[in-house]
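Laboratory data are not the source of any read-out in this text; all were calculated from the coordinates shown. Just so we're clear, the structure is a prediction, and the values are computed from it rather than from any experiment. Please note: Cβ atoms are built from the backbone with ideal geometry, for glycine as well, and neighbour counts cover all protein chains shown.
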């Protein structure tokens, strides 16, 4: 009994040690680090996919841009998106424009205010195989959000699996 | 008296003829024709200036794009815009997205539906001197609207003369 007790303690301790080491290794390997350390070069020059407005806690107006690989796939209607495709979602505060309202003669105009955050979906079918081939990234004030803060991204995209997990359609 | 009568008839006839010829010449010169006969090549690939939403009779969501000359001027904060700058306003029906709402868990999401029309401001300080250096164009279903249908454009832009008659600011 004593021997079994010591063995159990040993197993638990070992499991604990392995668990700790896994976490330490993951941190050292950057497994919980953001998938993009910096904003992708030139993303603000990418071409437009579409636009949207979110009410609720987002309360933003947004543009969805794509790098050349993403735009080509969208325009050709090719699914799944090829590796290398990156989709960017830029968002700005949703702001009423008094200036525009005066021109229209009534309150009706909403424009982009200060930027809120920028999100990216990066296609790499090998690297991100467990999340539909997409890595998720977000930048607040140009600084990357730790991957741990983005673990919920993929689950939300599962309902649009038939469109390779991408919500936004291309607007002609 | 008869002589005066004939002279008057002659003057009126002459005036009428001149008037008719002016109109004919204007038509031949295309003075009432659209300033752009076709959509500017590659405008859908232009870079993003900003986004907006209009309620009211427009009821659209829109993206404002600029050709290279326009984008450069925006980013450098240069006013007036140089000749050759073109600003495009693409608009789509403002549509509630049930798919997005399900993902967010509440009704809050609005996306771009079918395209409505595309407008352009074309900078040529000589050709369009009488309207702040800007020519105005609109395309419905890819077809240009006659210039006569756009005579009201400039008056609406006068309140933003200080920004070279351009409403939209650049969104970073």
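Miscellaneous remarks
- Relative exposure of B:51, A:160, judged by other C-beta atoms within 10 Å (fewest first): A:160, B:51
- Cβ crowding within 10 Å, taken as a proxy for footprinting-reagent exposure, orders B:36, A:79, A:39, A:65 from fewest neighbours to most as A:79, A:39, B:36, A:65.
- Among B:154, B:120, A:110, the ranking by other beta carbons within 10 Å of each residue's beta carbon, starting with the fewest, stands as B:154, A:110, B:120.
- Placing a label point 7 Å from Cα along the Cα-to-Cβ axis, residue A:45 is separated from the same position in the other copies by 1.3 nm, shortest listed first.
- The other copies place their residue A:105 label points at 4.5 nm from this one, listed shortest first, where each point is 7 Å from Cα along Cα→Cβ.
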